[in-house]
Amino acid sequence: MKKIAQGAEAIIWLKDNKIIKERIEKKYRHIDIDKRIRQKTTRFEARLLEKAREIIPVPKVLKSCDKAMIIEMEFIEGKKLRDEIDKMSSKERQDIFQRVGKKVAKLHNNNIIHGDLTTSNMLIREKIYFIDFGLGFISQKVEDKAVDLHLLHRALESKHYKHFEELFNAVMEGYKEEIKDFKEIEKRLEKVKKRGRYKNKKPKKQD
Ligand SMILES: Nc1ncnc2c1ncn2[C@@H]1O[C@H](COP(=O)(O)OP(=O)(O)O)[C@@H](O)[C@H]1O
Ligand SMILES: [Mg+2]
């Protein structure tokens, strides 16, 4: 068993060409509450992966166990989109990010909110795979879809500032082609962006 990644939430193991995602303890939470949260997140992520797999490329769930807090899934032997962007031509970037936008729209058309749309949670092999549905949920609300897009906007801004506008425009082009109610979501996205800016400028409240 080889450890290939460790974040705040999980350890990712590679074993016999399969990925095992194991949710790890959060020491600052009460032990029983922590266990319950991790079991629930494991169950939710496995379910969302299965649901999403009917719509877009995601790793196939091979086994999941809430009790042990592990999901065993297909190993996507590809590259993180995060590491490829600077190597691509402008045309390639636009093509890839339009496809990303279409995939997000397909999820949203089915009321799946990813919850953590970053370029570290997208892998490229022959297709683009979305991974890490640990913060995902089901919702038909325009607000939740707009916030999902806004998180991607923020992630691109902070990790890929050089190409940020080009990338997000491409995402929205693809998204528009595929999404059912574009106008409403776009309008809400503008509101969410403004809200974000306002929040950042507001002086911190003194307790
Ligand atoms: N199915 C998979 N195939 C290949 N690599 C994976 C797979 N799942 C996760 N990874 C690798 O592990 C990293 C962390 O996994 P992720 O599910 O995003 O966990 P975290 O919640 O810690 O971000 C990913 O960025 C990716 O590099
Ligand atoms: Mg991740």
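Numbers below:
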{"read-out": "Subset of segment 5-22 [of a type in the set (D, E, K, R), within 10 Å of ligand 1 (Cβ to nearest atom) and not in a strand (DSSP E or B)]", "value": "E9"}
{"read-out": "Which numbered condition L152 fails, given (1) within 16 Å of ligand 1 (Cβ to nearest atom); (2) surrounded by fewer than 21 Cβ atoms within 10 Å (Cβ to Cβ)", "value": "(2)"}
{"read-out": "Among the residues listed as L152, L135, L81, L123, the single one being under 18 Å from E186 (Cα atoms) and within 16 Å of ligand 2 (Cβ to nearest atom)", "value": "L152"}
{"read-out": "Residue selected from segment 126-138 under the condition surrounded by fewer than 16 Cβ atoms within 10 Å (Cβ to Cβ) and at pLDDT 95 or above, by the criterion farthest from ligand 1 (Cβ to nearest atom)", "value": "I138"}
{"read-out": "Where A105 falls short, out of the listed (1) in a helix (DSSP H, G or I); (2) small (G, A, S); (3) at positive phi", "value": "(3)"}
{"read-out": "Subset of segment 58-80 [in contact with a helix residue (DSSP H, G or I) (Cβ under 8 Å, 6 or more places away or on another chain) and either in a helix (DSSP H, G or I) or touching a residue at least 24 places away in the same chain (Cβ under 8 Å) (or both)]", "value": "V58, P59, D66, K67, M69, I70, I71, M73, K80"}
{"read-out": "Looking only at segment 161-188, and only at residues there that are under 16 Å from the mean Cα position of the chain (by Cα) and not aliphatic (A, V, I, L, M), the one that is surrounded by the most Cβ atoms within 10 Å (Cβ to Cβ)", "value": "Y175"}
{"read-out": "Any chance M73 is exposed (fewer than 15 other Cβ atoms within 10 Å of the Cβ), in contact with a Leu (Cβ under 9 Å, 6 or more places away or on another chain) and among the aliphatic types (A, V, I, L, M)", "value": "no"}
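The values are calculated or read from the model by the stated rules, or taken from the named source; none is laboratory data. Only a predicted model underlies this, so the values are computations on that prediction, with no experimental measurement involved. Positions of Cβ are generated from backbone atoms using ideal geometry, with glycine treated the same way; all protein chains shown enter the neighbour counts.
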